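What follows is a single structure, written as C-alpha cells, with notes after it.
The values are calculated or read from the model by the stated rules, or taken from the named source; none is laboratory data. Predicted, not measured: the structure shown is a model, and the values here were computed from it. Please note: Cβ atoms are built from the backbone with ideal geometry, for glycine as well, and neighbour counts cover all protein chains shown. To get the accessible areas, we keep the full protein, side chains included, count just its heavy atoms, and leave off ligands, DNA and RNA. Shrake-Rupley method; radii C 1.70, N 1.55, O 1.52, S 1.80 Å.
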Amino acid sequence: MIDPGRALPRWGWPVSGADVSKNLAGSIETARKRATTSKLRAVDYLRVSTEEQVKGYGIAYTGKRTKKHMGNKGWEHVGTYADEGFSGSLEAHERPDLNRLMQDARHIPRPFDVVCVPEERAIGRAGRAFWPWVWELEDLGVFVAIVKGDYDNTTAEGRSRMRKAADRAEDERETIRERTQGGIQEKAEEGGYVGGKVPFGYRVIDKGVKGESRLVIDDCTDCHPSCVTRHEADFLRAGRKYFVELRDWNEVATRCNADGYRKRNGELWGYHSARQQILSGIILEARQVFRGSRYVQRDADGNPVYGESVIIKLDPIFTPEEIKELRKANEKPPRKPSTSRVYTLSGQILSPCGKRYIGGGKGRREKQYRCQGRTAEYAGAPTCDCVYLRAEPVEEEAWKKVKRLLGNFDQLKTMADDWIGVRAGSRSNFAERIAELDKRISTQAKAVNVTISMTAKQVALENDDISEEEVEKRVSEVVAPLQQELAKLQKDRADIASWQEESDAAGERITQLINLVEMANRRLLNMPLEKQRELMVLLEAEVTIIGDPPQGRKGQPCALAAWFSERDLEVPVMTDEGWSRVAPLVDWKSRNLAPRTVLAGILYKVRTDTPWKNIPSLFGSPATLQTYWTRWRKSGFWEQVMEALAHERSTPLPAPQLPQIKLRCLIEPEVLLESECRSSESAARD
C-alpha cells in the first residue's frame with residue numbers, strides 16, 4: 001500500500017482553481033513526457049461486488065491480471081487498493097480504499113502516475129460512480145488504464161472508448177434492475193409472495209414455483225387432525241382472547257408461554273413482542289404494502305423509482321368483531337402530565353450487555369440510569385447485572401461534547417465530508433466537460449442532418465419509383481446509430497450538469513453550517529433539560545461509556561454524603577485534639593468497638609466514597625457502622641460531633657467521577673435549523 005508519509009488534505013470541500021491543473025491537455029501531456037523519460041509508477045485498483053465474490057471472482061483473481069498488464073507495459077507497481085464486497089453503484093467516497101486512493105493522488109509530489117483497473121466496471125456501474133474520480137485524476141496528471149481492451153484515457157480515442165464502456169455498464173445495470181424489479185412488481189400486483197420477511201401469522205406455499213407462491217394463514221386448516229404444532233395464527237388468536245379477558249400484556253405473554261407457544265426463533269414471548277405481533281397493522285388490516293416502507297428508493301416527488309406501491313390483500317386472521325373488541329380493550333385513558341425527572345440520554349446510552357440504558361424513575365433521590373437488560377423479557381428470562389449509572393456526570397459530559405461540536409465551525413466542516421459527498425470537493429472541472437460535450441453534440445447534430453440529406457438524395461437517385469415511405473425507412477436505418485450516439489451525448493451532458501449543481505450546492509451547506517454554529521453559540525449555553533433531550537433525539541445521539549462508568553446505586557444514594565453536601569461542609573480529619581472535644585459528648589459504651597473507631601470508620605467512608613460493604617475490617621463490621629450512623633443522625637448526636645470538629649483540618653467531598661464517553665451523532669444542519677426556527681416561533685407565540 002502507498003504511504004505518502006504525512007497527513008493528507010481532507011476530501012470533500014471546495015478548493016481554489018490554483019489547486020488543480022488549468023488545462024486537461026497539459027496534464028495528459030505531462031504524463032506522456034514522464035512516460036518517455038522515466039519508468040511510470042502504477043497502482044492497481046481492484047473491486048469485486050458481493051455477487052462476484054459468490055461466483056468465485058475475488059481480489060486475488062483480478063489482481064493477477066492487473067499485475068501482468070503492468071509488467072508487460074514496463075510500469076513499476078507501487079501499490080494496490082482493493083474494495084471487496086462493494087457495489088459498482090457506490091461513489092468514490094463510499095468505497096474505503098478508493099477514497100484513500102484519491103487522498104493519496106492529491107499528495108504532492110504524486111506518489112503514482114497510473115491507476116490500472118482490470119475492466120471498466122471496476123471503476124463503477126453508474127455514471128456518477130464512474131466519471132467524477134476519473135476526471136479528477138486526469139486533472140491531477142494521473143491517468144486510468146483498462147486491462148480488458150488494453151487502452152487508457154491519455155488520448156481522445158481512449159476517452160471516447162471509456163465513455164462508451166461506462167454507458168454500456170450503466171445500461172446493463174439498469175436493464176438488470178428493471179427486469180428484476182418489473183418481475184417483482186408483476187408478482188405483487190397478482191397478490192403473490194414477493195420475497196423478504198414473511199409477516200408473523202402467515203407462511204409461504206408453493207415457494208419457488210414460478211407464479212404460484214403466495215402467503216396463507218399459518219394455522220391448522222391443512223394439518224392432520226392429530227396435529228399438535230403450535231401455529232403462529234393459533235398464538236395470535238389465543239393472545240387476542242387472553243388480552244380481551246385480562247387487559248394485561250404481561251399476563252398474555254405468561255399464559256401463552258405456559259400454553260407452549262413460542263416466537264419464530266424459538267424464544268419465549270415477552271410483553272413487547274406479544275403486543276407488537278397481535279396489534280400489528282398487517283394482522284389488523286389483513287394486508288401488506290409492497291414498496292410502502294420508508295426505505296424504498298423514491299424520486300423527487302416521493303414516488304417509488306422502480307414501480308408503484310401495491311397493496312397485497314391477505315386472508316384475515318381475526319373477524320371484524322374480534323378486531324373491534326381488541327381495539328376497545330387496548331384503549332387507554334388520557335395520560336397525566338409526567339412529573340418525573342428529565343433524562344436527556346434515556347435510550348441513547350449503549351450498555352455492555354447489548355441493551356440500552358434508560359432513566360431510573362422518579363422515586364430516587366438522585367438521577368440514575370438503569371440497563372434495560374435488568375428487566376426480564378419474559379417470566380424466568382435471564383437478566384444482566386450491568387451497573388447503575390449516575391446520570392449527571394454522563395449527561396454533563398455528553399452535553400459538553402455537543403456544545404463543543406456544534407459551536408466549532410472548523411470541526412463541523414471537517415466532519416461534513418460524509419454528508420456533503422464527493423462532488424462538493426471534487427476538483428473536476430465540470431464546466432470544461434460540459435463545454436467539450438456541447439461541441440461534440442453540435443458536431444453530432446450536424447452529422448445527423450447532413451447524413452439525412454445525403455442519404456435521401458442517394459436513395460432517390462438510385463430508384464426514381466421509390467415511395468416516400470420507403471425513403472423515410474431507408475434514411476431512418478442509416479441515421480439510427482448516429483441518433484443513438486447523439487442521445488447518449490445529450491444524456492451525459494444532463495448528468496454532468498446535475499453533478500455540477502450538486503457541487504455548487506456545497507456553498508449552501510457551508511452557509512447552513514455557519515448559521516448552525518451561530519445558533520449553537522446563542523442557544524446551547526443555558527438550554528433547559530427538556531430542550532437538551534429534544535436536541536439529543538434530533539442528533540440521534542449514541543453514547544458509549546469508556547473505562548469505568550460513574551456507578552449509581554440500586555437503592556437510595558448515600559445519605560451520609562448527602563448530609564455534608566446539603567450543608568456545604570467538608571469532611572473533618574480525626575486528630576487527638578479533635579477527639580478530646582468529642583469524647584465528653586459520648587454517653588454510651590460499645591462492647592465490641594471503641595466510639596473513636598466507629599467515628600473514624602464513618603468519616604473514612606464519606607471521605608473516600610467507599611460503599612458501606614467495602615469499608616476495611618479494622619473499623620469493625622460495616623453493618624454496625626451503618627447502624628451507629630443512622631442512630632446518631634436521628635438523635636442529633638452526629639450534628640453535635642460535627643460542630644465540635646468544625647475547626648479541625650478537613651478535606652472536600654470526593655468529586656464526582658468524570659466519565660470518559662464516546663459520542664456518535666448525525667448532524668443535518670437543515671433539520672437542526674428548522675427545529676430552531678420552530679422553537680423560536682413557539683416562544684414568540686407564548
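Quick notes on this one:
- Local electrostatic count at Glu232 - Lys and Arg +1, Asp and Glu -1, tallied over other residues with Cβ under 12 Å: +3
- Residue-level accessible surface for Arg327, protein heavy atoms, 1.4 Å, Å²: 120 Å²
- Near the amide H of Val571, within less than 5 Å, lie the amide hydrogens of Thr651, Leu653, all on another chain or at least 5 residues away, with H placed in the peptide plane.
- Where Met642, Met102, Met454 fall by accessible area, highest first, once all protein chains stay in place (1.4 Å): Met454, Met642, Met102
- Along region 601-606 the Karplus relation, 6.51 cos²θ - 1.76 cosθ + 1.60 evaluated at θ = phi - 60°, assigns HN-Hα couplings of x, 5, 5, 4, 4, 6 Hz to successive residues, with x for each Gly and Pro.
- Amide hydrogen proximity for Ile349: with H placed 1.01 Å from N in the peptide plane, the residues at 5 or more positions away or on another chain lying under 5 Å are Tyr357, Val543.
- For a label point 7 Å along the Cα-to-beta-carbon line of Ala456, residues of region 474-504 with backbone N under 12 Å: 475-476
- Where a label projected 7 Å from the Cα of Asp438 along Cα→Cβ would reach, residues of region 481-503 with amide N under 18 Å: 489-502
- Projected label distance in nm at Asn250 and Glu285, using a 7 Å step from Cα toward the beta-carbon: 3.2 nm
- For the pair Arg631 and Ala487, the difference between a 0.36 nm per residue extended length and the Cα-Cα distance amounts to 42.6 nm.
- Interchain or long-range residues, amide H under 5 Å from Ile661's placed H: Ile546
- Hz values of 3J(HN,Hα) by residue in region 445-451 - Karplus curve (6.51, -1.76, 1.60), Gly and Pro given as x: 4, 5, 4, 5, 5, 5, 5
- Cα gyration tensor category, rounded, prolate or oblate, for region 94-156 with a/c compared to 1.5: oblate
- Cβ-Cβ FRET estimate between Ile466 and Ser89, R0 fixed at 45 Å, reported to 0.05: 0.40
- Paramagnetic reach from Arg596 in region 609-644 [backbone N under 18 Å; point 7 Å along Cα→Cβ]: 618-620, 641-642, 644
- Set Lys64/Lys488; Lys332/Lys355; Lys400/Lys605; Lys355/Lys401; Lys197/Lys332; Lys148/Lys439 screened for pairs whose C-alpha atoms are more than 25 Å apart: Lys64/Lys488; Lys332/Lys355; Lys400/Lys605; Lys197/Lys332; Lys148/Lys439
- Förster radius 60 Å - calculated FRET efficiency between Val586 and Asp385 (Cβ-Cβ, nearest 0.05): 0.90
- Applying 1/(1 + (r/R0)^6) with r as the Cβ-Cβ distance of Glu639 and Asp548 and R0 = 30 angstrom yields a FRET efficiency of 0.30.
- Net charge of neighbours whose Cβ lies under 14 Å from the Cβ of Leu489, counting Lys and Arg as +1 and Asp and Glu as -1: +4
- The residues of region 66-162 have, on average, 33 Å² of accessible surface per residue, using a 1.4 Å probe with all protein chains present.
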